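Derivation of every value follows stated rules applied to the coordinates shown; laboratory data play no part. Note that the structure is a prediction, hence the values are computed from the model and not measured. As a convention, Cβ positions derive from the backbone with ideal geometry for all residues, glycine included, and neighbour counts pool all protein chains shown.
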Amino acid sequence: MSNPDLLIPIESGEKVKVNDHVYLGNHYSARDGLPYQIARIMEFLPPEGASNIRMKGKGKEIYSRVRINQYNRPGDVYERHWPDSRLLYASFMTDVVPLNFIRGKCYVRHKDMISDLTAWRKKPDRFYFSKVFEGYMKREFEVLPVRDIHNLPKYIKHILASRYDLIVTEKETIPEWTDNLRLCEYCGEWAPSLKSVQCASCNGHFHMACVKPPLLAKPSRGYGWTCAPCTLQREEETEENGITKTTRSALARPKPRPRKEKYTGANGVPLEDEPLRYYKMWPYRYFGAYLDAEDALEEEDFIYCRAPVRVGQKYQAVVGEMGTERRPADLPERGGEGTVEVLSTVCHMTPDQIEEVEGRRKTLRPTTDRTVDWLSELITRCSIAHANGQPFNTVTMKNPLRQRKWAKSETRYTDREWDDWEKQAFEDGTATYNAELYRLREEYLPNRPMPDIVRYFTLYKNAKLKEENKIHAASSTTVRRSFIPERPRVLNDDEESVIRVEPNSIRPGPCGSCKTSTSAVWYKAPRNLAYPALCSFCGIAYRKYGDANAKASREEVPSHKGKAQTGEKREGTPLTSTSNKRAKTTATTTTAATPTAPAPIIVPSKQLSCQLCKKSGPLGRVLKCKSCSLTAHAVVLGAVLSPDKAPDDWVCEICSNVKTMEASLDTTCLLCPRSEKTIPADKESDFLRACKPTEGQGWVHSLCALVIPEVSFSEASSMRAVEGISTVNPNRWLSPCALCKEIHGAVVKCGDCAKEFHPVCAFRAGYRLGFELLPVKNVRKDPSPIVVYKRETGAMNLHFWCSSHSTNGRKIYDLCDGNDIAESVVQLYARTYKQAAVENTHGLLRKARRLDHVLERAQAEEPPSESTDDTRCYLCKTEYSPYFHPVNVNPNNLTYMCHSCHFKTQTPTVVPMIS
């Protein structure tokens, strides 16, 4: 362990020591604008592999690495937006990183060790924590100050308090530790909950061994235990009065728990400035339900979080006595040649044989030579050949499959080769989702197993970083010499990664947070912002606090070379100004100092009001069509912004279809009633103008496509290519709407009653629309997909509720809910319930199958038409239709109508038009 008073300088000019909290970054340029990591310095280490390199003289040691204790942000743990950017999770995770990863100092304290939390959160570089997140167990633990513990013997608490100021425990054990000291009523010794039982009448505590007869286990949940005096008193009162009577002891209240004391700093020192105790580089240890309190006295005790041990009949196999069961004759003996497989016999080989095996390994390809599974398989096959007395030149690796004695079938010892199509799909997926491999596999590589994708992702990123580092090392000198200070520059993570902005190239601005277009230094922005760059103020704030909306103070932004030091003015500031402060004078000069530039004016982000939820949001999250002024949240519209276009230039799908003509110009919804009262989508003025094209070049309201369950999307992420209109239940087309009284159009039911109505009619009537998570009791009987949203688990349903029902007190999520997190409620619902089965099938094939199903049902309800090759529809005169319906227009001559016209003009007694 290094000297705790040793001060080590870092690149920012500050000096850090052991137990300081710092920001950690990465010098690689492929971090894509990730925020800094917050950690605590545990010790300084010498260079790797050179632990003995030390210069003579005190304080002349060489340190190039640092061991850190990591902190987690809540957003990184739960992968969603967290409102408090100053809240952290402590952890027991450690890592060793280079010393040049440190970007600056910060301050992290426990919540109970801060005198004024509101004032603490307003200061720069201040953070706090109150819990520990255990990454291996995926569980939160509470952090409790040792001074609040009262239910401990003095000798244990003295040792614990002399080493630590904090303990890590479960939330359920906090009332026990903060209670008064519990002593056994029989022997007077300390009675911990693991070894004692509490009387249900007098609330006294007894050791289970002190009770006569001793208790072997505590009462089951829902049952109580009473001591002998209370039981005897109850029996006497029952015999005396003849009835059961509540005794006074049964009414005795439990002893009050001590209140949480409010502490202040000693000798006028603020509470947050008091130093913490560290024992073997840790300020806390686990002290919970699965720890014997006396174990904390041991110096070498395991300090990390623990879980219940799997001991008992529930986790053990119940077998009969040895020799009582009959062993099958064909069952191989355990531990023999039939069950044990030799993986390596290198220890029995001669040096010449080992050299021969090494020669076989060197003949492999360089990429395969680094595969651990391949090398293990080579050693296994060489060991088998050595055991059988065969030469090593007979060992071949052409067969990629291997047979294990414990496996039922052959398995591959290496991943299947990636073809060009899979490599291109993987690159497209990483450009879209970066390291979110589950979503990448779901959308781009559904046929690849997840372990293959994880391994290939590691090799892909390593190769990418290697190429970038070579290019950066080769061009770093040229870039530095050709740098023009008057032009803006983009910083990735540190001052070394400078990218020159050419005069004729596109500027990085505007800023993705404050929308300013002038900054001396630009930082990479996170992927969820509309613009790919952040100015110096917003970039520093995001890297420190992990929130793009957080604003850094002026003293937090480091000074950069270039215009920032020459008094550059940002947009919105006057060209000439005078300082309101009095000029600073010294003893040697009376000349006024140069007036400082005024604080730059930050232009607030443009706010737009969503036509669906009537709430405002920044441009990018809320989009407005450039042509028709449709305004709604992007997640509800299924809009995917192109990186080369600004959100101001976004055009809705109906307006863009006017130029591209990829779908029909008739934008009437295929799921709405077809009558004169129907308003086409291009004439709508509210959210109903949001439509999606179908696979048959028709149009459907986005609202109708979401609400009607039989309809699906070929691309759930963008909610495009609506499929399955022909599979809608025929009863939906035959039922009248309770609002418009029309029989045409598909209807849906109310979430709480049998009233049916069109989705558009319900939306215009102001009915409540939202998602509801219902718990699933039996997964086998209810095959509905289970989703997890905001810590709630269940089957997600999308319903309208008519005006006769109230949804007060029920957890209903609106369509625009969660637009600021990684995956909104609409995206989760569409991905889980509305995604069409596109694996290994083509859209045209799926449409043909649905068409065959429609024709089978149509022919079953009507006699087959005797149409010829010259048959035409008497309305639209078309000769092409999947089915011609005979109509009695002219009694003297048989007339036909195409399937589309029949659907438009007749009551839909058959399945509607194919989409």
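In this structure, the pairs whose alpha-carbon distance is over 18 Å, taken from K15/K123; K847/K877; K131/K171; K614/K755, are K15/K123; K847/K877; K614/K755. The overall shape of the stretch 671-710 is rounded: from the C-alpha gyration tensor, with semi-axes ordered a ≥ b ≥ c, the ratio a/c is less than 1.5. Give K626/K811; K111/K157; K645/K692; K105/K470; K659/K683 a once-over and call out the pairs whose C-alpha atoms are over 29 Å from each other. Cα-Cα > 29 Å for K626/K811; K105/K470; rest within.
Charge tally around W801: other residues with Cβ under 11 Å, Lys/Arg +1 each, Asp/Glu -1 each, net +2.
Of all alpha-carbon pairs in the stretch 666-833, indicate the percentage at a distance above 24 angstrom. It works out to 36 percent of all Cα pairs.
Of K755, K741, K171, the sequence from fewest to most neighbouring Cβ atoms within 10 angstrom is K741, K171, K755. Shape analysis of the stretch 346-412 places it in the oblate category; the axes a ≥ b ≥ c from the Cα gyration tensor give an a/c of at least 1.5, with a/b not above b/c.
With a cut-off of 13 Å between beta carbons, the residues surrounding F302 carry a summed charge of -3, where Lys and Arg count +1 and Asp and Glu -1. The stretch between E172 and A317, if pulled fully straight at 0.36 nm per residue, gains 49.1 nm over its current Cα-Cα span. With the convex hull drawn over the C-alpha atoms of the stretch 374-467, the volume per residue is 140 Å³.
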